[in-house]
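Down below is the structure, laid out as structure tokens.
The values are calculated or read from the model by the stated rules, or taken from the named source; none is laboratory data. For clarity, every value in this text was computed on a predicted model and none was experimentally measured. Because the Cβ atoms are built from the backbone with ideal geometry, glycine has one as well, and the counts that use them run over all protein chains shown. When the accessible area is computed, the model is the full protein with side chains, heavy atoms only, and any ligands, DNA or RNA have been set aside. Shrake-Rupley method; radii C 1.70, N 1.55, O 1.52, S 1.80 Å.
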2 protein chains.
Amino acid sequence: MLSKNQIKLVSSLHQKKYRKEYGLFLAEGVKVIRELLASKFELEHLYMVEELFDDLPAKFKTLVSTVELNRMSALTTANNCLALFRIPKERVLKEEGLIVALDDVRDPGNLGTIIRLCDWFGVSQIVCTKETVDLYNPKVIQATMGSVSRVDVHYVDLEVFLNSTKLPIYGTFMNGNNIYKEELPNQGILILGNEANGISEKIENKVAHKIAIPQFGDLQKTESLNVATATAIVLSEFRRGF
Amino acid sequence: MLSKNQIKLVSSLHQKKYRKEYGLFLAEGVKVIRELLASKFELEHLYMVEELFDDLPAKFKTLVSTVELNRMSALTTANNCLALFRIPKERVLKEEGLIVALDDVRDPGNLGTIIRLCDWFGVSQIVCTKETVDLYNPKVIQATMGSVSRVDVHYVDLEVFLNSTKLPIYGTFMNGNNIYKEELPNQGILILGNEANGISEKIENKVAHKIAIPQFGDLQKTESLNVATATAIVLSEFRRGF
């Protein structure tokens, strides 16, 4: 039996301020937890409704009821297990390769999907404004499907970072140059903007190369692509030549 | 004041069998509703928490409380308006152009995103297996952001359809040919598979051209791309040359 206080602690981790206070985050489901166990993340504890993860010592595991798991879970429908991991120290950002920069991406599903895409396309570093959704939000962790273990996410003052970098700076804009006709480098910063407002003006000022994904057929039928699908297309364009 | 029965009727439309019975579907939020009003869809009624859509005759509109709207809404957090539209007759499928085919895509967000992508890339027809999530599921309508008014979705026996078509048939597979090296036509069928299982064996047998989006860097790091992001990349590849 879990105490009320234990359940309260775990579910408090749905909120950023408690994740920061305790230095812990939640991951749910066998697949995501297995990926995190196999990587740099340190397990604090595992809660499960049935015996799982035979290779883990008993001291890390607690059997709980479905009701208890549901009360701790950040998902609408809880999985069969939930783990607490320690939030690792941020690694040092290296100015090399292709780096994705996010200017206030707010939706957890979008950040998770973008991390998964970066993993696929060999982008190991993301820089974000501090207003971007927290990497350790349970819905972000869920949407990464484990890719979070292979992509470093850095929260920075994006304007200051862009001022200092020597890498070429690309950004997506509705009125940018046709991306299919651009020569894209294998090193650089690629900026994607907020879901509603795109890239902010102060960040736009730092962008040397404005690119756009052209619509096919009649113009101006739809407003824009979702930021995660735009990232998919742009990363594919950056990588297809290499 | 709305009667309990009215609220019950509207919220019954969250379920496919009642949408079919009444021939109605739900759309929520000013943006989506405006797009549907501007297109082929016929409005049945609009419920709103404040005066909206000045151009609509009063007989189509009912002011409701936030509590009432929340009880009718299919969203976790209701918008400020909700409309019922009539489900139109299915149009006739034309075997021309690029057609996207979905083999049991189950997630409403994925179908909605795919419809939005088809709209962007000038694909006006989608064919689906009958097991694919219903187009008029409120979460699909929401995720299309209005693109549903410009893309026709047909539920068919996909195997029979593929047997009879004269268009070249493409499908995405983990072990397919590198899509970046393929010559892609501007007419054809492009098949995407189920979230967990990909394209089924009986459909795979009909695919003449197996294509894959190559991973960048070390191989086999992640299992696969999400079906919506894969669609984004593949449609971009089909259209970039034209």
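Some values worked out for this structure:
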| read-out | value |
| --- | --- |
| Any chance residue B:139 is open to solvent by 10 Å² or more (accessible area, probe 1.4 Å) and within 10 Å of the chain's Cα centre (by Cα) | yes |
| Filtered residue count, the range B:88-112, keeping only those that are within 14 Å of the chain's Cα centre (by Cα), surrounded by 21 or more Cβ atoms within 10 Å (Cβ to Cβ) and not in a loop (DSSP other than H, G, I, E, B) | 8 |
| Residues within the range B:157-193 that are buried (at least 19 other Cβ atoms within 10 Å of the Cβ) and of a type in the set (S, T, N, Q), tallied | 1 |
| Verdict on residue A:122 being open to solvent by 20 Å² or more (accessible area, probe 1.4 Å), assigned to a helix (DSSP H, G or I), in contact (Cβ under 8 Å) with a residue 40 or more places away in the chain and out of contact with any Pro (no Cβ under 7 Å at 6 or more places or on another chain) | no |
| Among (1) modelled with pLDDT of 95 or more; (2) hydrophobic (A, V, I, L, M, F, W, C); (3) open to solvent by 30 Å² or more (accessible area, probe 1.4 Å), the one test that residue A:145 misses | (1) |
| Selection count where residues are more than 9 Å from chain B (Cβ to nearest Cβ) and touching a strand residue (DSSP E or B) at 6+ places or on another chain (Cβ under 6 Å), scope the range A:112-126 | 3 |
